[in-house]
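J.: The structure under discussion is supplied below as structure tokens; questions concerning it will follow.
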Amino acid sequence: MEEVRQNKMATDSVKKLFWKLGLPMIISMVLQALYNVVDSVFVANMQGTGAFANEALTIAFPVQIMIIAVSVGTGVGLNALLSKNLGERNTEKVNAVAGNGIFLCLIIYAVFLFFGLFLSDWFIGLFSTNADVIKMGAAYLRICVCFSLGSIGFAVYERFLQATGKTIFSTIAQISGAVTNIVLDYVFIFPLGLGVEGAAWATIIGQFVSLFIAMALHYCLNKEICGHPKHIRPRLAIIKAVYKIGISAALMQALLSVMMAGMNAILGSANADSTVLVGSFGIYYKIQQIALFSAFGLSNTIITVLSFNYGMKDKERSLACVKYGIIDTLITTLIITALFEIIAVPLSELFALSGGSSSVLVDVCAKATRIASLSFVFMGFNVAVQGVLQALGYAVKPLITAFLRLVLFTFPVAYLFTLSVDVINVVWWTFPIAEVLTCIVSAVFLRQAIKTKIDEI
């Protein structure tokens, strides 16, 4: 069984592999982004308290992003190490890496459990003085964090399946959890009247459904990785190797929350209606997650396939991985751009359900979506290059590109646009400009990586 899978990963058409593995990963990542969006849409329509509930979830969101960031960073490191050692056919090392992945999952959960038990009220209170918001936000955050083992655990077992090419199984698990979340959101919030706590429990149950299905599929079908408990013991060298690769991915995810906070502050200080400006950005940000996480899905595919073939020291296939990984990402983001240009208005209306949204807000959001969506192709290239760099063992360079596109090239440009009398219409060009500037740096990093890593095989 092991030999068959390894041969497929090593000999199947690289072009075929990218679509076979990439599509499930795209679906999985988009579904991951939809968890919080679904909660927001449902709670926003709660009678009487919808506005407070939506604010509560918004305040809690950075902590959820941090859980995702740490989990994704750990998962990326595990995926790269597992794929590399599978390519080298080092079974002992593969099992040791997997065991350390489970160990890290438990440690990460313990840290967030402490936060959820003792710091939830304090955190929400930092951003609001409204008693209703604090009460709902703390309740939601406490449940989501204290029971985050489902989310953290799935991030690990998902990578076990992805590293061996079984991405369809991880996607099945993710879809099952997402559907569970959507159904229970409605049942808990409306018929049962559980409010934000219902939304939190719906999310948690959905995440555990994904975890249990992924675990079942892994232990029953994933014979390339041994699941014996004896491998669940810490090895400092493996943990360091995981985070040497994964730390940049974790920090890249964390930078998303930094960008959100920074843009909210910049837009809020502009000489314009902050409700419209900041509100439009909030709606657009949720919409653009579809494109961003699609690119992340293909980036994860690059990490999986390229790490495997680079581990086998196959120069020709490694170069093909880079080529098709970037091309497929560009095609995907181009399609999403065209789609968003066409349906910008209905998308804006869908995400403007938080109560009393004016036609002006929807119009501005549609304009923002159409302009900012022009950045998606360039964003796709940058994220794809990040995946290439991570697969080849770079840690700092992927982080540099993320910092450039999310902070250094974004905040100054956005601030300059806020000085314009037409800020409400022009500030959205910030995102295409930032992504284009980052592309220049990414292209340089890519060329250097190919020359120093792949060409030397």
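J.: Residue under question is residue 375, and the condition is that it be under 30 Å from residue 448 (Cβ atoms), modelled with pLDDT of 80 or more, crowded, with 23+ Cβ neighbours inside 10 Å and in contact with an Asp or Glu (Cβ under 6 Å, 6 or more places away or on another chain); does it hold? Please lay out each step first, then the result.
T.: Details: under 30 Å from residue 448 (Cβ atoms): yes; modelled with pLDDT of 80 or more: yes; crowded, with 23+ Cβ neighbours inside 10 Å: yes; in contact with an Asp or Glu (Cβ under 6 Å, 6 or more places away or on another chain): yes.
The answer is yes for residue 375.
J.: A follow-up question, please. Assuming residue 402 fulfils every condition listed in (1) over 18 Å from residue 267 (Cβ atoms); (2) of a type outside the set (Val, Ile, Thr); (3) surrounded by fewer than 16 Cβ atoms within 10 Å (Cβ to Cβ) apart from one, which condition is it?
T.: Result: residue 402 passes all but (3).
J.: Okay, next question. Any residue that is over 30 Å from residue 313 (Cα atoms) and in a loop (DSSP other than H, G, I, E, B) - is there at least one of those in the range 401-409? Walk me through how you get there before you give the answer.
T.: We begin by selecting, within the range 401-409, every residue over 30 Å from residue 313 (Cα atoms); these are 403-409.
Checking which are in a loop (DSSP other than H, G, I, E, B) leaves us with 409.
Looking through the range 401-409, at least one residue is over 30 Å from residue 313 (Cα atoms) and in a loop (DSSP other than H, G, I, E, B).
J.: Oh, and also: Which pairs turn up if I take residues in the range 183-197 that are aromatic (Phe, Trp, Tyr) and assigned to a helix (DSSP H, G or I) and look for partners that are at pLDDT below 85 and surrounded by 18 or more Cβ atoms within 10 Å (Cβ to Cβ) with beta carbon separation below 6 Å, at least 6 apart in sequence or on another chain?
T.: Short answer, once both residue conditions are applied: none.
J.: Can you name the residue in the range 296-338 that is closer than 12 Å to residue 379 by Cα and not β-branched (Val, Ile, Thr) and is also surrounded by the most Cβ atoms within 10 Å (Cβ to Cβ) among such residues?
T.: 299
J.: Would you mind stating whether residue 347 is among the hydrophobic types (A, V, I, L, M, F, W, C) and in contact (Cβ under 8 Å) with a residue 12 or more places away in the chain?
T.: Numbers: among the hydrophobic types (A, V, I, L, M, F, W, C): yes; in contact (Cβ under 8 Å) with a residue 12 or more places away in the chain: yes.
Yes; evaluated as a whole, the condition is true for this residue.
J.: Restricting attention to the range 279-304, which residues are among the hydrophobic types (A, V, I, L, M, F, W, C) and either under 12 Å from residue 390 (Cα atoms) or within 17 Å of the chain's Cα centre (by Cα) (or both)? So that I can check it myself, show each step before the final result.
T.: Here is the first cut: in the range 279-304, the residues among the hydrophobic types (A, V, I, L, M, F, W, C) are 281, 283, 287, 290-293, 295-296, 298, 302-303.
Selection gives 287, 290, 291, 292, 293, 295, 296, 298, 302, 303.
J.: Could you list, in sequence order, the residues of the range 230-274 that are touching a residue at least 12 places away in the same chain (Cβ under 8 Å), assigned to a helix (DSSP H, G or I) and more than 26 Å from the chain's Cα centre (by Cα)? Give the derivation first.
T.: Kept after step one, since they are touching a residue at least 12 places away in the same chain (Cβ under 8 Å), are these residues of the range 230-274: 230-235, 238-239, 241-264, 266-267, 269-273.
Okay, now just the ones that are also assigned to a helix (DSSP H, G or I), so 230-231, 238-239, 241-264, 266-267.
Result: 230, 231.
J.: Are there any pairs, at least 6 apart or on different chains, whose C-beta atoms fall under 8 Å, with the first in the range 396-407 and farther than 10 Å from residue 251 by Cα and the second crowded, with 20+ Cβ neighbours inside 10 Å and of a type in the set (D, E, K, R), and if so, which?
T.: From residues that are farther than 10 Å from residue 251 by Cα, the pairs are 405/435.
J.: Does at least one position in the range 85-93 carry a residue that is buried (at least 24 other Cβ atoms within 10 Å of the Cβ), over 16 Å from residue 148 (Cβ atoms) and at pLDDT 85 or above? Lay out the reasoning, then the answer.
T.: Step one: of the range 85-93, the residues buried (at least 24 other Cβ atoms within 10 Å of the Cβ) are 86.
Within this subset, residues satisfying the condition of being over 16 Å from residue 148 (Cβ atoms) are 86.
If we keep only those that are at pLDDT 85 or above as well, we get none.
No, the range 85-93 contains no residue that is buried (at least 24 other Cβ atoms within 10 Å of the Cβ), over 16 Å from residue 148 (Cβ atoms) and at pLDDT 85 or above.
J.: Of 99, 22, which residue is at pLDDT 85 or above and buried (at least 16 other Cβ atoms within 10 Å of the Cβ)?
T.: 99
J.: Continuing with this model, one more query. Any idea which of (1) among the β-branched types (Val, Ile, Thr); (2) assigned to a helix (DSSP H, G or I); (3) touching a residue at least 60 places away in the same chain (Cβ under 8 Å) is the one residue 225 doesn't satisfy?
T.: Against the list (1) among the β-branched types (Val, Ile, Thr); (2) assigned to a helix (DSSP H, G or I); (3) touching a residue at least 60 places away in the same chain (Cβ under 8 Å), residue 225 comes up short only on (2).
J.: I would also like to ask the following. Can you tell me which residue in the range 344-372 is modelled with the lowest pLDDT, limited to those that are within 23 Å of the chain's Cα centre (by Cα) and more than 15 Å from residue 430 (Cα to Cα)?
T.: Pass one, the range 344-372, residues within 23 Å of the chain's Cα centre (by Cα): 344, 347-348, 350-352, 365, 368-372.
Okay, now just the ones that are also more than 15 Å from residue 430 (Cα to Cα), so 344, 347-348, 350-352.
Details: 344: 85, 347: 74, 348: 73, 350: 70, 351: 57, 352: 52.
Among those residues, the one meeting the criterion is 352.
J.: Right, next: So which of 245, 213 ends up being surrounded by 18 or more Cβ atoms within 10 Å (Cβ to Cβ) and either in contact with a Ser or Thr (Cβ under 6 Å, 6 or more places away or on another chain) or not aliphatic (A, V, I, L, M) (or both)? Reasoning before the result, please.
T.: Working: 245 fails: either in contact with a Ser or Thr (Cβ under 6 Å, 6 or more places away or on another chain) or not aliphatic (A, V, I, L, M) (or both).
Only one candidate passes the filter, namely 213.
J.: Would you check which residues across the range 183-208 are of a type outside the set (Ser, Thr, Tyr), at pLDDT below 90 and surrounded by fewer than 18 Cβ atoms within 10 Å (Cβ to Cβ) and list them?
T.: Once the filter is applied, which keeps residues that are of a type outside the set (Ser, Thr, Tyr), at pLDDT below 90 and surrounded by fewer than 18 Cβ atoms within 10 Å (Cβ to Cβ), the range 183-208 yields 190, 191, 192, 193, 194, 197.
The values are calculated or read from the model by the stated rules, or taken from the named source; none is laboratory data. Values in this document were obtained by computation on a predicted structure and should not be read as measured data. Because the Cβ atoms are built from the backbone with ideal geometry, glycine has one as well, and the counts that use them run over all protein chains shown.
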